[in-house]
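Taken together, the values in this text are just the output of simple stated rules run on the coordinates, not laboratory data. None of these values were measured; they are calculated from a predicted model. Glycine also receives a Cβ, built like all others from the backbone with ideal geometry; neighbour counts cover every protein chain displayed.
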Amino acid sequence: MAVANETCVYPLTPPGRAALASLAVCGPGAVALVDSLFRPAGQRRLSDVTANRILFGHWMHGDGEEVVVTVRDPRQVEIHGHGGTAASRAILGSLTAAGAKAGSWQDWVAQQEPRPIPRDAQLALVHARTERTAGILLDQWQGALEGEIQQIIRSLQCDQLDAARQQIDRLLNRSRTGRHLTRPFRVVLAGQPNVGKSSLINAILGYPRAIVNAQPGTTRDVVTGTTAIDGWPVVLSDTAGLREHADELETAGMTLAVGELAAADLVVLVFDHGLPWTAANDNLCGGWPGALVVHNKCDLPGGAGERPAGLRTSATCRRGLAELLNEISLRLVPAVPPRGAGVPFTEAQTAGLRTAQQALLAGDQRGAGDALGRLVYGGQRDVPPGKA
């Protein structure tokens, strides 16, 4: 992290093959440093041009790379050159050799945006895997969460404690969705061998990710595939069949399966619609009472016995897949945040809201305000957070 009196250089584009590469030089010596290494095509030096004026020229190092340079303000200069690792590395190396401190793009974001929530939203955006999750993070960047927390602070200042509690509860209810804006939901398919778990995974993904075979116990390891369901990023896991009598290799696979089930955001229990319902099936349902029950192979005649309510699917005929995907989406995100709503998306934000919630429950109005103020303003609060 840069300090105020340092001049630093930051890569603004990722390394690797590309048409262009961009760097930013920031700090009190930014203009003078770049001026010493840049030869403009005209006669004007960087120190003589107005802000946001674009200059073309050559970099006075190595092969004389052609670059475009822009002075954003007296403390920030942008350099745009040809892409590729070697070209950008050469410019970066010449700047650090001349005295600039190398920083990361994350450091640059932190320097440009001192407010914690918009800054964290910018950093999180690179990890968003779908348009939907990116849109929610953009809302947070543009002030959605920050604005709602500021409203809670105002409620505390006006002694509207019930309103403050409700607002905090509403944000905390969205925090589970917020955690998965940058991290996919984990959905695990489980069941006895040969009930069609692998076929369902392949049908959902749209390509043969898992091996399908009529012989029970084909899947021994955990097989995963990444997709998006209704705009939510999801990792689907196909696990070894669960049964009482299994060889050593199958038993190892079942141990892995149980570990996946424990870490899942949603368990999908798959049963064979064409086989009789058994006590072993009841045991599976009892072991995961919150699971989504799916009776696969519904294109076959139903087996004997009364079975619990569940979705009926056929991976081979693709029957019931739309209903399955819709139900998975509803289970993962029961209440979709409205457009422009505040959504906590980091563990620190959720922890801060819980601290405020607990403080209010304990009658500590000032403690609640302090916790909320730290979320919005970091180490510096611009408003009094609450009353003693």
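Brief remarks on what is shown
- The angle between the Cα long axis of helix 144-157 and the main principal axis of the chain comes to about 90°, on a 0 to 90 degree scale.
- Angle in degrees between helix 161-173 and the longest Cα principal axis of the chain, rounded to the nearest 10: 70 degrees
- In segment 274-379, GluC sites (Glu not before Pro) in a DSSP loop with at most 15 other beta-carbon atoms within 10 Å: Glu306
- Estimated from helices alone, the mean residue ellipticity of the chain at 222 nm is -12000 deg cm²/dmol (sum of -39500 (n - 2.57) over DSSP H runs with n ≥ 4, per residue).
- Value of D in µm² per second that Stokes-Einstein yields for segment 8-112, Kirkwood Rh from Cα pairs, at 4 °C (1.567 mPa s): 96 µm²/s
- Zero-based 20 Å bins, Cα pair distances in the chain, whole percents: 23, 36, 33, 9, 0
- Neighbour-count ranking [beta-carbon atoms within 10 angstrom, fewest first] of Asp238, Asp159: Asp159, Asp238
- Relative exposure of Cys298, Cys8, Cys317, judged by other C-beta atoms within 10 Å (fewest first): Cys317, Cys298, Cys8
- Relative contact order, percent, segment 8-112 [alpha-carbon distance under 8 Å, six or more residues apart]: 34 percent
- Globularity ratio of segment 137-184, using Cα Rg and 2.2 N^0.38 Å: 1.28
- Relative to its Kirkwood radius, the Cα radius of gyration of segment 107-196 gives an Rg/Rh of 1.16.
- Neighbourhood net charge (12 Å Cβ-Cβ; Lys/Arg +1, Asp/Glu -1) for Leu330: -2
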